[in-house]
Structure formats: C-alpha cells, structure tokens
Amino acid sequence: MEIKKVMVIGAGQMGSGIAQVCAMAGFSVILQDLKEEFLERGFAGIAKNLQRQVDKERMTGADKEEILNRIERSTAISSAGEADLIIEAAIENMEIKKQIFAQLDEIAPQSAILATNTSSLPITEIAAATKRPGKVIGMHFMNPVPVMKLVEIIRGLATEDEVYAAVEEMTRKLQKVPVEVNDFPGFVSNRILMPMINEAIYTLYEGVASHEAIDEVMKLGMNHPMGPLTLADFIGLDTCLYIMETLHEGFGDDKYRPCPLLRKYVKAGWLGKKTGRGFYEYA
Ligand code: CAA
C-alpha cells in the first residue's frame, strides 16, 4: 500500500494545514474544494505559513516554491481517481460526509484509502456509506496542523490492519505522532478536551470568575498553552457546541450537556476568533 498522491477534500483551516504538511513531506497533493475562492484562500494561507519559515531562515525561497508546486488545486471531486489516500476535511455534518464518501467510493481507485479528519463523528457510520468500509479510517489532526504533533488515528469497526499500518507509517512521514484509538464519540481528544471547555463555560455562566481569571488559572496553574475559553474561541464555538452535542447524543449522559451560555453565543453568531467575537473580542 504505497502512498504517493494524497487528495485533501476541503481547503479550510484544517484541510489547508493537512495539504501543507503532506506537501512538506514530499507527497504530491491535490487540494479540492467546491469553489475557486476557497482554494485560493487556503493556498494563500499555506504560502503565508511557508513564507514565515523562509523569513526565519528555516527553508529557502526555492524550497517554498517546490512545496507549493506539489499542491495542485481542483474544484472537481473526480480528481480522486488519481489518489492513493484521500483525507476528507469538509464541514462536520454527517449527511455531507456520507455523500462525499459515497462519491469517493465510486471514483477513487479500489486500493485507495479513504480517511476522514472528523473531530467526533463515528467513523463506522461514515464507512457504511461506502462499499469498502475496510479502507475507511479516521485521521484526526489538531489545529494548527503545522504545529501540533498528534494525529489521532481511529479504527472503524471494519478498518483493515494493513490500512491502519499504512496510515500510521504515513503519519510518521509527516513528522507527526500517531496514536491509535477506537471509534467512540469524541474519540479520546475531544471526549476529554470538550467537557473541560464546557465546564470552563459553566464556570463563567455561574459567575465563579471572569473569563480572563478562568483562563489565567488554567494557563498558569496547569501549564496549558492557552486558557480553555481562549482555546474555545480558537477552535470555534460552533464546533465546540457540535462536539458537545455529539457526545451528549452518543453517550446519552447529561454530564455532556452543552452549557446554555455556549448555545447563546452560537445563536448570537459569536463563534470566536473567526467572527471577531467569542469570549474575547478580536480586532
Ligand atoms: N499555523 C502555523 N504555525 C503557527 C500557527 C498557525 N496557525 N500559529 C502559531 N504557529 C507557530 C508560530 O509560527 C510559532 O512557530 P515557531 O516557534 O516555530 O517560530 C509557534 O507556532 C508558536 O507560536 P506563537 O509564538 O505565535 O504563539 P504560542 O507560543 O502561543 O503558540 C499555539 C501558539 C501553538 C497555537 C499554542 O498557543 C498552543 O499550542 N495552543 C493550544 C492549541 C491546541 O490545544 N490545539 C488543539 C485544539 S483542539 C483540536 O484541534 C481538535 C478538535 O477536534 C477541536
């Protein structure tokens, strides 16, 4: 199962980050999204990240160009016909993911691995939309992808051992650390992270402390690089709510009930850094 060409579906923050690290590791990449403007935005973000590396004298301008040249942009999902590994990083919506996987199953070579970067949706259910559930797997990258070392690799019920092994090896080639987990709501990362963020929001909601104080306690007291409310703004409050709802529904346990304040902010369109306002305001 040699992986040479990777296709990344979705040129948002996660998809463009994944395309960047794949191209940096020498893989040919097809970055796919629905509209040219999404591709241009994602590609510009990659170019900016690489330019920062050039400015810090960690790579040359020629290296940067070589990496960018490895990334082909496409609005056609039919480009999947050329890929050995497809990593889907589209919107977190089960129906949309099922549609994408059913389409990929028709187009991609029989030997191709279909991976999803979903942060909490069941891999086994996504796999069931294809006729090759053994070749479907979760590859959960962390944000910001170029910086974070972890890739949580999630085995669906039917994922074949050789598919797992190929994805694990690929992850190491990306200079990342693979960690194997099974398919349960939120996997490991978000099952633990999101209830902590939700609890921080409850702490604010109940007036225990200000948002700055809550973040300061967790940053200085627990050595977290960001406080939980800053991190929630960074991830996106809509994403945080969606993951909490997935945990709540998946386990049916009220300990995963999303905080009403989180719902209120999302309803207000205060989604965090990306909309300029969340628990903090951004210029
Ligand atoms: N893209 C690329 N590189 C970035 C970056 C980005 N968006 N943001 C920061 N960096 C790089 C900087 O260039 C810098 O690189 P060098 O040290 O090599 O020069 C380095 O990261 C550190 O950046 P800064 O000095 O600007 O800032 P910092 O020290 O505060 O670090 C951070 C920024 C890495 C984001 C750090 O605050 C951090 O680790 N935060 C927590 C991130 C986290 O928890 N991510 C997981 C989110 S959960 C998730 O992704 C899963 C999910 O499903 C929701």
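The values are calculated or read from the model by the stated rules, or taken from the named source; none is laboratory data. All of these numbers come straight from a predicted model, not from anything done at the bench. Positions of Cβ are generated from backbone atoms using ideal geometry, with glycine treated the same way; all protein chains shown enter the neighbour counts. When the accessible area is computed, the model is the full protein with side chains, heavy atoms only, and any ligands, DNA or RNA have been set aside. Shrake-Rupley method; radii C 1.70, N 1.55, O 1.52, S 1.80 Å.
The condition of being of a type in the set (Asp, Glu) and part of a strand (DSSP E or B) holds for only one of 162, 152, that being 152. Total residues in region 43-72 satisfying the condition of being in contact (Cβ under 8 Å) with a residue 24 or more places away in the chain and either in a helix (DSSP H, G or I) or open to solvent by less than 70 Å² (accessible area, probe 1.4 Å) (or both): the figure is 9. Working only within region 147-162, note down all residues that are buried (at least 18 other Cβ atoms within 10 Å of the Cβ) and within 16 Å of the ligand (Cβ to nearest atom). Passing the criteria: 151, 152, 153, 154. Within region 212-235, being part of a helix (DSSP H, G or I) and open to solvent by 50 Å² or more (accessible area, probe 1.4 Å) holds for 212, 216, 217, 219, 220, 221, 222. Taken over region 168-201, the criterion of being of a type in the set (A, V, I, L, M, F, W, C) and open to solvent by 30 Å² or more (accessible area, probe 1.4 Å) is satisfied by 177, 179, 184, 188, 192, 193, 196. When 41, 52 are checked against the criterion of being within 16 Å of the ligand (Cβ to nearest atom), under 20 Å from the mean Cα position of the chain (by Cα) and modelled with pLDDT of 95 or more, 41 stands alone in meeting it.
Checking the structure you have, find out if any residue of region 170-180 is of a type in the set (A, V, I, L, M) and either under 19 Å from residue 133 (Cβ atoms) or in contact with a Cys (Cβ under 6 Å, 6 or more places away or on another chain) (or both).
We begin by selecting, within region 170-180, every residue of a type in the set (A, V, I, L, M); these are 170, 174, 177, 179.
Now drop any that are not either under 19 Å from residue 133 (Cβ atoms) or in contact with a Cys (Cβ under 6 Å, 6 or more places away or on another chain) (or both), which leaves none.
Looking for residues that are of a type in the set (A, V, I, L, M) and either under 19 Å from residue 133 (Cβ atoms) or in contact with a Cys (Cβ under 6 Å, 6 or more places away or on another chain) (or both), one finds none in region 170-180, hence no.
What tally of residues in region 86-140 results from selecting those that are assigned to a helix (DSSP H, G or I), more than 18 Å from residue 34 (Cα to Cα) and among the aliphatic types (A, V, I, L, M)? Of the residues in region 86-140, 3 are assigned to a helix (DSSP H, G or I), more than 18 Å from residue 34 (Cα to Cα) and among the aliphatic types (A, V, I, L, M).
Report, by residue number, each residue of region 20-42 that is part of a strand (DSSP E or B) and not aliphatic (A, V, I, L, M). Break it down into steps so the answer makes sense when it comes.
Our first condition is that a residue be part of a strand (DSSP E or B); within region 20-42, this holds for 28-32.
28, 32, listed by residue number.
Only a single criterion out of (1) open to solvent by less than 40 Å² (accessible area, probe 1.4 Å); (2) within 25 Å of residue 154 (Cα to Cα); (3) over 19 Å from the mean Cα position of the chain (by Cα); (4) aliphatic (A, V, I, L, M) is not satisfied by residue 29, namely (3).
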